[in-house]
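For reference, the structure discussed in these notes is given below.
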Amino acid sequence: MSTLTEVASGYRAGHTLPLRVELARQLKRRRTLVMGAILALLPFVLLIAFAVGGDPGGRNDRITLMDTATASGANFAAVNLFVSAGFLLVIPVALFCGDTVASEAGWSSLRYLLAAPVPRARLLWSKLVVALGTSLAAMVLLPLVALAVGTAAYGWGPLEIPTGGALDTGTAAERLLVAVAYIFVSQLVTAGLAFWLSTRTDAPLGAVGGAVGLTIVGNVLDAVTALGHWRDFLPAHWQFAWADAVQPRPEWSGMIQGTAISVTYALVLFALAFRGFARKDVVS
């Protein structure tokens, strides 16, 4: 009679739930397609808004990034990032990271994945990598569509700086790439919150809503100036530090501090998710 070792001789834990399989599953889901459509439509919404309301202009002789939106495609892309970084880009991160494990539990398919057998750490790793990958893709999609739409509407040109000066197209593209990368890193806290909550509940809406809610709380606390330097420890305090990259002379200190804060919080939350899930009694 065959022993258990002989029966399982071809088993490789690292080959279970391949990333390509998980990625294909997530890309086919309706929420992924809807979120992608919303992000792709935002530049068109802003384009229509500027067409209806007219070109933005400075107020009280003070020019902001929004006022330069129609100067070039690069400016239009930067404005799209500016208006969406604070909240809209939080949604896909919370959705993709918060729904990934909780949805399996809600469908009662999580225990069958583990019985495949897929090791718990392997399952979480595959889902986390795909969730972060789709989140990054969502953040790249928005400025790419905005750049294409803005270039078609306003022409290809340098990125005009509100405080004076301009960045040539090559430099502007590099700085916008840095901005997208930083925005992604700054959203790792939301990703960590959503992923941790996803391993704690069978309700995807609870994980997604909880992550979004806590992110909003962080933004509210950052607005409380009475907290003083304590706000420096809030990820929300550094969420717009990427704007320092789109300057004639970029300033990196804010982005370095923001990256350190975000990565620290995220690593703790990801560790809590893996530790808690390893001990969790999965019944759904």
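Annotations
- Surface composition of the chain: carbon and sulfur make up 67 percent of the accessible area, probe 1.4 Å.
- Each 5 Å bin, from zero up to the one with the longest distance, holds this percent of the alpha carbon pairs of the chain: 1, 6, 11, 14, 15, 14, 12, 9, 7, 4, 3, 2, 1, 1, 0, 0, 0, 0.
- Once the 1.4 Å probe is applied to the protein heavy atoms, segment 154-284 comes out at 51 Å² accessible per residue.
- Dipole of the chain [Lys/Arg +1, Asp/Glu -1 at C-beta], most positive-end residue of ALA71, TYR182, LEU132: LEU132
- In terms of packing, defined here as the mean over residues of other Cβ atoms within 10 angstrom, the peptides 149-162, 250-263, 40-53 line up highest first as 149-162, 250-263, 40-53.
- Of the listed residues VAL93, VAL83, the order by accessible area with a 1.4 Å probe, largest first, is VAL83, VAL93.
- Listed peptides 270-276, 225-231 appear in the order 270-276, 225-231 once ranked by packing, highest mean of other Cβ atoms within 10 Å at the front.
- With both labels modelled 7 Å from their Cα along Cα-to-Cβ, the VAL224 to ALA260 distance reads 2.5 nm.
- Residue-averaged [θ]222 nm for the chain, counting only DSSP H segments that reach four residues, each worth -39500 (n - 2.57): -20500 deg cm²/dmol
- Stokes-Einstein D in µm²/s, Kirkwood radius over Cα pairs - segment 197-284 at 25 °C with 0.890 mPa s viscosity: 161 µm²/s
The values are calculated or read from the model by the stated rules, or taken from the named source; none is laboratory data. Only a predicted model underlies this, so the values are computations on that prediction, with no experimental measurement involved. Glycine also receives a Cβ, built like all others from the backbone with ideal geometry; neighbour counts cover every protein chain displayed. To get the accessible areas, we keep the full protein, side chains included, count just its heavy atoms, and leave off ligands, DNA and RNA. Shrake-Rupley method; radii C 1.70, N 1.55, O 1.52, S 1.80 Å.
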